[in-house]
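This report refers to the structure that appears directly beneath it.
The values are calculated or read from the model by the stated rules, or taken from the named source; none is laboratory data. Because the structure is a prediction, the values reported are computed rather than measured. No Cβ is skipped: glycine too gets one built from the backbone with ideal geometry, and neighbour counts run over all protein chains shown.
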């Protein structure tokens, strides 16, 4: 069964003067996805998101949302999107409940006080609706921001780096909230991040962009390929270690080597045996570090 496309971006480009923030970005988000929009800081993620939200106009490329074009159906598209760009802003001397009531009126959403109370409960702020925003932590404000995106009952939620600045507990709370948006409210979510570890825990599909260009797109599990690792070894006899690996693991691939180190692509289940055989052959192992292929690939992108 063919999946319904919610976002389709083709060869997007955007410049600010002589600086080309986005050069060639393409990706597709399907209905029901938690879609990871991954890339290092400065890769062009926020500029792309601003184009998606019609906050800025792209120089080239095509954007379709819900099968519609911004050129003639802008209002209908935006009415079906909720978003947090950077950090949400509120009236800090007013209560959480009052803030949401004001934003509902601004957006034209017809939401009752009891429905706002339900949204506060959903994001974990039940019982705090009467408290002033000035006393809220950063994590509470982020969760309130997500409640704000739900006021007009959109099908698509766009979150730009929603866990930036949060402590570990706050990150877990936002992560769980995103999963509940998908599973309980059946929302489609575009999640921007510069952290692979964050994306892999909650996204089912992803794209990696760098220097304004799409690098790779696909199912998260296919890209992570958890059963195959690149193992980094630091040993005292590299050439002998390579001979042992080639003799015992004919399907393994020597990715790189120098005088003291080598990297080998090998199945995860074979890592303990690899270490055992190298030691049994009189080779000293000073370090053994397994890395997933995508993690290694992403780190090279970040450092490029």
Point to revise | Only one of 199, 266, 279 that is more than 26 Å from the chain's Cα centre (by Cα), surrounded by 17 or more Cβ atoms within 10 Å (Cβ to Cβ) and either under 26 Å from residue 155 (Cβ atoms) or outside the structural domain of residue 121 (by TED's automatic domain parsing) (or both) | key: 266
Review point. With respect to residue 243, is the statement that it is part of a loop (DSSP other than H, G, I, E, B) and modelled with pLDDT of 90 or more true?
Key: no
Practice item. Please enumerate the residues belonging to segment 104-126 that are within 25 Å of residue 171 (Cα to Cα) and touching a helix residue (DSSP H, G or I) at 6+ places or on another chain (Cβ under 8 Å). Key: 116, 117, 119, 120, 122, 123, 124, 125, 126
Exercise for review: Check 86, 64, 4 and return the single one that is within 23 Å of the chain's Cα centre (by Cα), within 18 Å of residue 190 (Cβ to Cβ) and without any contact (Cβ under 8 Å) to a residue 40 or more places away in the chain.
Suggested key: 4
Exercise for review: Filter segment 200-221 for residues that are part of a helix (DSSP H, G or I) and either on the phi > 0 side of the Ramachandran plot or touching a helix residue (DSSP H, G or I) at 6+ places or on another chain (Cβ under 7 Å) (or both) and give the result.
Suggested key: 200, 201, 202, 220
Check your understanding: Scanning for something under 22 Å from residue 280 (Cα atoms), free of Cβ contacts under 8 Å to residues at least 24 places away in the same chain and surrounded by fewer than 17 Cβ atoms within 10 Å (Cβ to Cβ), does segment 228-241 turn up at least one residue?
Key -> yes
Review point. So which strands (runs of 3 or more DSSP E) are wholly in segment 14-116 and hold at least 2 residues that are loosely packed, with under 15 Cβ neighbours inside 10 Å and at negative phi?
Key: 60-65
Review point. Can you name the condition, by its number, that residue 190 falls short on among (1) surrounded by fewer than 22 Cβ atoms within 10 Å (Cβ to Cβ); (2) under 13 Å from the mean Cα position of the chain (by Cα); (3) within 24 Å of residue 140 (Cβ to Cβ)?
Key: (1)
